[in-house]
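Enquirer: The following block contains the structure, expressed as structure tokens.
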Number of protein chains: 4
Amino acid sequence: MTAAQLTLVQIDNYGPWTVTPEPRREMDLQTLQSRLFADLAQYIGNRGGYVFFTRFDNMVAVTNGLDRRDHELLQESVGNRYPVTVSLGVGVDEVPIEALETATERVQAAGSAQSSDRSEALAGEFRDGDDEGEGDVHVAHFDVNDATGKYTDRLNEFDSFINIEQGYASLMKYMREEHGALSFFVGGDNVIAACPDLSHDEYMGAIDHVAADADVQLKVGVGSGETPHEAGYAAKHALEDCRYEGTLVEFA
Amino acid sequence: MTAAQLTLVQIDNYGPWTVTPEPRREMDLQTLQSRLFADLAQYIGNRGGYVFFTRFDNMVAVTNGLDRRDHELLQESVGNRYPVTVSLGVGVDEVPIEALETATERVQAAGSAQSSDRSEALAGEFRDGDDEGEGDVHVAHFDVNDATGKYTDRLNEFDSFINIEQGYASLMKYMREEHGALSFFVGGDNVIAACPDLSHDEYMGAIDHVAADADVQLKVGVGSGETPHEAGYAAKHALEDCRYEGTLVEFA
Amino acid sequence: MTAAQLTLVQIDNYGPWTVTPEPRREMDLQTLQSRLFADLAQYIGNRGGYVFFTRFDNMVAVTNGLDRRDHELLQESVGNRYPVTVSLGVGVDEVPIEALETATERVQAAGSAQSSDRSEALAGEFRDGDDEGEGDVHVAHFDVNDATGKYTDRLNEFDSFINIEQGYASLMKYMREEHGALSFFVGGDNVIAACPDLSHDEYMGAIDHVAADADVQLKVGVGSGETPHEAGYAAKHALEDCRYEGTLVEFA
Amino acid sequence: MTAAQLTLVQIDNYGPWTVTPEPRREMDLQTLQSRLFADLAQYIGNRGGYVFFTRFDNMVAVTNGLDRRDHELLQESVGNRYPVTVSLGVGVDEVPIEALETATERVQAAGSAQSSDRSEALAGEFRDGDDEGEGDVHVAHFDVNDATGKYTDRLNEFDSFINIEQGYASLMKYMREEHGALSFFVGGDNVIAACPDLSHDEYMGAIDHVAADADVQLKVGVGSGETPHEAGYAAKHALEDCRYEGTLVEFA
């Protein structure tokens, strides 16, 4: 049974900071945001977790394998190296959206995202190491069938992007509403989703929905494991299988 | 009259590289992509340009103020420091989508995005320095009215994100189809668009469309200048005016 | 008794790479080197270890707390994100220089630093987790007495630097020859040394030597712990004690 | 005639910051310092300048080609992205040490390196664009003869490092005292020096001095140009000539 540990990373009081005393140069903000995300990707990633940039000022991570001490150290290290700090909320649930709901509530309970009083809040429960198991995390890795041939090599980049983006907007909504799964665009034509334990037909249903709703043809590889990296790595291999077999859904 | 110089930055043969000889760790790919974007943001940004992460393997930049030599040096520096290289196409037009169309065609003409033969292609025309003027670049900076109060402090982060994302998907499509403008999500609840010269009513039309289509209430500040930074900085100030005045559209 | 685990990080075939096919831009090389070091500092540092830039193409780390798997993953992550790869050798000994001797021999045995055949060698023994103890690592943190008042605020920066540098050159040689300790300049007026278990008088001997040899007045805080971070953090506090007490040697 | 423009980059009030409220994790400080240096290397480097890490909290740059506006923007961008700010002093002189003397005095005049009152000072004179010429900057690139064969592949890394470091300590002192030149270790076995216009015999004198004083055999390539990059690039090629010809001093 899935037991996803979700962490919400929220930059403290970021909105006001970006315009104080004057609006800051946009490209400096972009640099700051993407480097902070890169640092989280390394820190969380080399402990077996996954983090997604989401809105950059709010990032969502699947952190099975990281305990409270790992979260504290992350917070301390960001505070030592950036002009901003981060608050962290953590939740665990069979359904990813429920875990994130809990994680978010814990951050919200500590103060508004635009409060100058809240700094480096950390609250949550952590998946107990003794309970960890192979089936804790389910990851689905979607991509677009022949995106290079159909879009990248034929359309201008923005029209390629619109297609990918409309497909993503459709998928993220469907997966959340139908299954409580969290789907994140990760670049190129790739979407990675933290899912509960779903069947072949349920994945086909998602693919069919996006094909009908946004006219984008997806395929998906699915994996599970004790950590997001293990589940995601298995999912990547399953997606390679789709490529070779010409199939739309493969499980590792 | 707008004369936007658009650059397409495309990582050479990136898709195959990410799975050779085996799929690479996803968090390493995320780190690579976001740091490459950050480096471009610094390089292009401190020369007055803007770059957007778009799909990360394909990034779109507004590069008024950067000449051929600047592009060559960028390419050389990336090649010296990353395990991947980038091809660059550049176009200039009154309408941003037309400039990007030209830029993209130039990269496509040099070879497929997944060709191992193409490396560091650079082709394009550049806005002549002597012709540069105040009205060359128009930038619109949109954000969501009270996103913190309505979403971030109330909903779980993924549902906040879905709202922002659906609003963005709606806006990007409308602005491109109606006006040939290119709209990019830049984090938080912010979207920055490279636009032709549009009127107050045309911006109101976009805001109304998104409100009706995706139930998201936007406001927008608009600026113009010789470079994206100048235009964008003016747009940020205009957006601050919206905030203080309670208006939906302000021009710098 | 000290049981320092030392890791040599050597970039594979770096010298030839920097001039192939033409000499690469020096500032790109500097960027690559310092960012690689920064990444190691994060990876090793947030696992309790210390890494020093040394010559940048060869870096020395004290890695008590990191096992073989941690080393493999570091190697993989560098290979995924940089245009160069690294070989790693690891040794454990009561005397730091002996541990590094073993670590270096293991890398040398795998091939020359300028061999194109050697790539991502990894060889070594690791401090057994069960044997780890409080006294495994001894760290001494030296700084220069009133460096700001005597140098930084009075001399031009290069002459300040010459003083610090001559002091460092004297200290590193003395500590290595007398005690098999490894001393690294870490910026400002700070030197951090991985040491065997030394007495108050032995540290005073080092300080006296540098005062006589290079006319630079040092003080030192010393700490021990299970990891370099623990030992080094205690040493920093001891150095603060020197500052407040006006003493030259303090143990945590 | 040489007309070197030297910039001192000094982090404001850095020492106190590193221990407030408690000593910060050393590896976070190392990360911060080396990334700040990397950012300066990119910013200054892709404008034709050179920057050296020196003591990291104080960095020295040769900035011919960068004007006041470039310096202001650098300062703004650092302030937007780091938890620390930098002050900048600039001087121009035929002899590099004199230019740095002026640059340093300007920063010192604005306040102590450990004053919480000084923030983002910027003072200096800039090499006038109209006066710039081919001979403005002289760069010498030294390396150690067969360092890999003699040291890296034979000794443990610390003993290799001691040799390189003693050679550097000797060279930096000699070149400063005899010629007012500024020599910086840049990794591996490489030292780059900003020099006045020196003769073949004067370079041979330096090499002989280091051989006698520190028993390290250097060779050197020398170049000149309008910017440090041009001069340094020519010097690298000249050093390659030494390698092929078996000579000790070559001019581009």
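Enquirer: Measuring from a point 7 Å out along Cα→Cβ, what nm distances, shortest first, does A:P83 have to its partners in the other copies?
Expert: For A:P83, the inter-copy label distances come out at 1.4, 3.1, 3.3 nm.
Enquirer: Quote to one decimal, in nm, the extra length available between C:D159 and C:Y244 on full extension: 0.36 nm per residue of separation minus the C-alpha distance between them. Display every interim value, and only then the final one.
Expert: Numbers: separation 85, 0.36 × 85 = 30.60 nm, distance 2.77 nm.
Length gained, C:D159 through C:Y244: 27.8 nm.
Enquirer: What does the charge add up to near B:S170, with Lys and Arg as +1, Asp and Glu as -1, over the other residues with Cβ less than 10 Å from its Cβ?
Expert: -2
Enquirer: Based on Cβ point charges of +1 for Lys and Arg and -1 for Asp and Glu, what charge dipole magnitude is obtained for chain B about its Cα centre, in debye rounded to the nearest 20? Walk me through the intermediate numbers first.
Expert: Numbers: 18 positive and 45 negative charges, 199 e Å.
With only Lys, Arg, Asp and Glu charged at Cβ, the dipole is about 960 debye.
Enquirer: Put a label point 7 Å from Cα along the Cβ direction on B:D67, then list its distances to the equivalent points in the other copies in nm, shortest first.
Expert: Counterpart label points of B:D67 in the remaining copies fall at 1.4, 5.9, 6.0 nm.
Enquirer: Can you work out which chain A residue has the shortest Cβ-to-axis distance for the rotation that carries A onto D, and give it in Å?
Expert: With distances in whole Å, chain A gives A:P83, 2.
Enquirer: Separate question: For D:12-25, what's the mean count of beta carbons from other chains sitting within 10 Å of each residue's beta carbon?
Expert: Details: counts 0, 0, 3, 7, 1, 0, 5, 5, 0, 0, 4, 10, 7, 12.
Per-residue shielding by partner chains comes out at 4.
Enquirer: Among the listed pairs C:K219/D:K150; A:K219/B:K150; C:K150/D:K219; A:K173/B:K173; A:K150/B:K173; C:K173/D:K150, give every one whose C-alpha distance is greater than 23 Å.
Expert: Working: C:K219/D:K150 35 Å; A:K219/B:K150 35 Å; C:K150/D:K219 35 Å; A:K173/B:K173 18 Å; A:K150/B:K173 19 Å; C:K173/D:K150 19 Å.
Correct reply: C:K219/D:K150; A:K219/B:K150; C:K150/D:K219.
Enquirer: Taking a point 7 Å out from Cα toward Cβ as the label site, list the nm distances between B:K150 and the same residue in every other copy, smallest first.
Expert: 3.3, 6.3, 7.1
Enquirer: Please give the residues of the stretch C:150-165, grouped as numeric ranges, whose backbone N is less than 19 Å from a label point set 7 Å along the Cα-to-Cβ vector of D:S112.
Expert: Label zone hits: C:150-157, C:160-161.
Enquirer: Just from its helices, what would the mean residue ellipticity at 222 nm be for chain C, if runs of 4 or more DSSP H residues each count -39500 (n - 2.57) and the sum is divided by every residue, rounded to the nearest 500 deg cm²/dmol?
Expert: Values: 7 runs with 109 residues, N = 252.
One gets -14500 deg cm²/dmol as the mean residue ellipticity at 222 nm.
Enquirer: While we're here: Residue by residue through C:173-184, how many Cβ atoms from other chains fall within 10 Å of the Cβ on average?
Expert: Values: counts 4, 0, 0, 5, 1, 0, 0, 1, 1, 5, 2, 2.
Mean partner-chain Cβ count within 10 Å for C:173-184: 2.
Enquirer: Peptide C:74-81: average number of partner chain Cβ atoms within 10 Å per residue?
Expert: The shielding value for this peptide is 5.
Enquirer: Excluding C:D93 itself, what net charge comes from residues whose Cβ is under 11 Å from its Cβ, given Lys and Arg +1 and Asp and Glu -1? Walk me through the numbers on the way to the answer.
Expert: Working: positive: C:R127; negative: C:E94, C:E98, C:E101, C:E125.
That sum, taken over residues with Cβ under 11 Å, equals -3.
Enquirer: Go ahead and run the numbers for FRET between C:E202 and B:V19, Cβ-Cβ distance against an R0 of 60 Å, rounding to 0.05.
Expert: Efficiency computed from Cβ-Cβ geometry: 0.60.
Enquirer: Hey, rough spin-label estimate for A:E134 and C:E132, points 7 angstrom out along Cα→Cβ, what's it come to in nanometres?
Expert: Taking the two extended label points, one gets 2.9 nm.
Enquirer: Still on this structure, I have one more. Run the simple label-point estimate for C:E76 and B:E105 please: 7 Å along Cα→C-beta, distance reported in nm.
Expert: 4.5
Enquirer: Okay, moving on. Would you please classify the overall shape of the stretch A:55-114 from the alpha carbon gyration tensor, given that a ≥ b ≥ c denote the square roots of the eigenvalues, rounded means a/c under 1.5, and beyond that prolate means a/b larger than b/c while oblate covers the rest?
Expert: Oblate is the answer for the stretch A:55-114, as a/c is 1.5 or above yet b/c matches or exceeds a/b.
Enquirer: Still on this model: To the nearest 10 degrees, how steep is helix D:26-45 against the longest Cα principal axis of chain D, on a 0 to 90 scale?
Expert: The angle comes out near 80 degrees.
Enquirer: So what's the net charge close to C:T148: Lys and Arg +1, Asp and Glu -1, counting the other residues with Cβ under 11 Å from its Cβ? Please report the intermediate quantities before stating the final value.
Expert: Numbers: positive: C:K150, C:R154; negative: C:D143, C:D146, C:D153, C:D189, D:D57.
Taking every Cβ under 11 Å from that of C:T148, the sum is -3.
Enquirer: Any aspartates and glutamates with Cα under 12 Å of the D:K236 Cα? List them, leaving off those in the same chain fewer than 8 positions away.
Expert: C:E22, C:E26, D:D143, D:E250
Enquirer: Taking loop as defined by DSSP and a crowding limit of 10 other beta carbons within 10 Å, which GluC sites (Glu not before Pro) in the stretch A:65-147 fit?
Expert: Values: sites: A:E72, A:E76, A:E94, A:E98, A:E101, A:E105, A:E120, A:E125, A:E132, A:E134; in loops: A:E94, A:E120, A:E125, A:E132, A:E134.
Hits after loop and neighbour filter: A:E134.
Enquirer: May I pose another question? Working out 0.36 nm times the residue gap between D:R69 and D:D215, then minus their Cα-Cα distance, what length gain in nm do you get to one decimal? Before the final figure, lay out the partial values.
Expert: On the way: separation 146, 0.36 × 146 = 52.56 nm, distance 4.53 nm.
Extra length from D:R69 to D:D215 when fully extended: 48.0 nm.
Coordinate-derived values only; no laboratory data. This structure is a prediction, so every number in the text was calculated from the model and none was measured. Glycine gets a Cβ as well: all are built from the backbone with ideal geometry, and neighbour counts include every protein chain shown.
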